[in-house]
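What follows is one structure encoded as structure tokens, with my remarks underneath.
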Amino acid sequence: MQIAILGAGAMGSFFGGRLAEANHAVTLLDVDEAHLASVRRDGLRLSTDSGERVVRNLAAMKPDEAMEPADLVIVFTKTMHTSAALTAARGVLGPQTALLSLQNGLGNTERLAQFAAPERVMIGVTTWPADKSEPGRVSSHGNGTIRLMTANATRTPTLEQTVDTLNGAGLTCTADPDVWAAIWEKVAFNAALNCLCAVTQCTVGDLINTPDGEALALKIVAEVVAVAHARGIAADEAHVAANVRYALAHHGTHRPSMLQDVLAGRRTEIEAINGAVVEAAHSARIAVPYTEGLLHLVRLIDARPH
Ligand code: NAD
């Protein structure tokens, strides 16, 4: 397949590297000149549990330089950059091009639907992790999965082909018509741990230095799950709470991406996480005081002069 990765940071480069290794024609599209230059010059240095290697069969350019329509565009910018990135990448969007978002947060379907018909928009959730340590170098350790569906919940040949393609690259993908529950469960997890760490500058493990940390995280999970339920989405509060407790106990030194963004002076994905939950809560007339309080605090951090 001709695959364009729009937003080739940690996740995009990892996915792009794995798909190129499976012999697809992959183009990385990003605005980070240093990363693009490094990939063009030296290849993509990819480190996984299978070892470190250099992936050379990748093109790398800015979104507005790509002119050939792709079969599939995988969007992996941060959520607040999706629309600008797709607007700049119009050259890869042909009449048959499918779009896939595995980004965190809510609102990804609506953003992609501005650029393709609903049957060609796919959304989902992934548990693969990735880090980018320097230009041209990404790593992903451990295992992950992908669950996805089309935006209009139909099972299309494009969906089947995308699932096969991702499985062919060893990325363990299933088509799941119930993916909304998984998306909201991940939003609940991120609304709790990402925000608490971003505001307090605690690592995940630091949150259990007082009993308040875990209690606060679980209250946020309960609020987000209540909003999901009001929308008819069967998110499982006990499942998310168990994941939160596991992370608190086992991911002690981890700095969630929102904290990393705050420390680096970058804007966070708060609007797609707490922002979207609070908006949905207001429509459903549900009070989400903890989620809303954290939204306002992270907005203040985001608004500091950078
Ligand atoms: P990242 O910051 O490493 O990568 C984002 C990339 O998008 C950057 O390279 C940036 O230069 C690029 N970008 C910004 N504006 C652009 C534009 N206009 N056009 C093209 N490229 C542009 O982020 P990431 O960690 O790879 O995360 C990407 C998404 O995946 C986020 O929604 C995140 O929440 C989600 N996610 C991340 C992980 C993880 O482990 N990193 C896991 C699951 C989901």
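Can you confirm whether the range 76-86 contains a residue that is β-branched (Val, Ile, Thr) and more than 10 Å from the ligand (Cβ to nearest atom)? For the range 76-86, residues β-branched (Val, Ile, Thr) and more than 10 Å from the ligand (Cβ to nearest atom): absent.
Residues being touching a His at 6+ places or on another chain (Cβ under 8 Å) and surrounded by 16 or more Cβ atoms within 10 Å (Cβ to Cβ) are entirely absent from the range 249-266. Evaluate the following for LEU100: is it of a type outside the set (Lys, Arg), crowded, with 22+ Cβ neighbours inside 10 Å, under 28 Å from ARG255 (Cα atoms) and under 17 Å from the mean Cα position of the chain (by Cα)? Answer is yes for this residue. Taking (1) at pLDDT 95 or above; (2) buried (at least 16 other Cβ atoms within 10 Å of the Cβ); (3) outside any helix (DSSP H, G or I) in turn, ALA287 satisfies each apart from (2). For the range 199-233, residues that are touching a helix residue (DSSP H, G or I) at 6+ places or on another chain (Cβ under 7 Å), within 25 Å of SER283 (Cβ to Cβ) and among the small types (Gly, Ala, Ser) total 3. Count of the range 13-33 residues, restricted to those that are in contact (Cβ under 8 Å) with a residue 60 or more places away in the chain, among the aliphatic types (A, V, I, L, M) and within 9 Å of the ligand (Cβ to nearest atom), is 1. In the set (1) within 15 Å of the ligand (Cβ to nearest atom); (2) within 24 Å of ARG147 (Cβ to Cβ); (3) in contact with a Lys or Arg (Cβ under 8 Å, 6 or more places away or on another chain), the condition left unmet by LEU36 is number (2).
The values are calculated or read from the model by the stated rules, or taken from the named source; none is laboratory data. Just so it is clear, the model here is predicted, and its values are computed rather than measured. Glycine also receives a Cβ, built like all others from the backbone with ideal geometry; neighbour counts cover every protein chain displayed.
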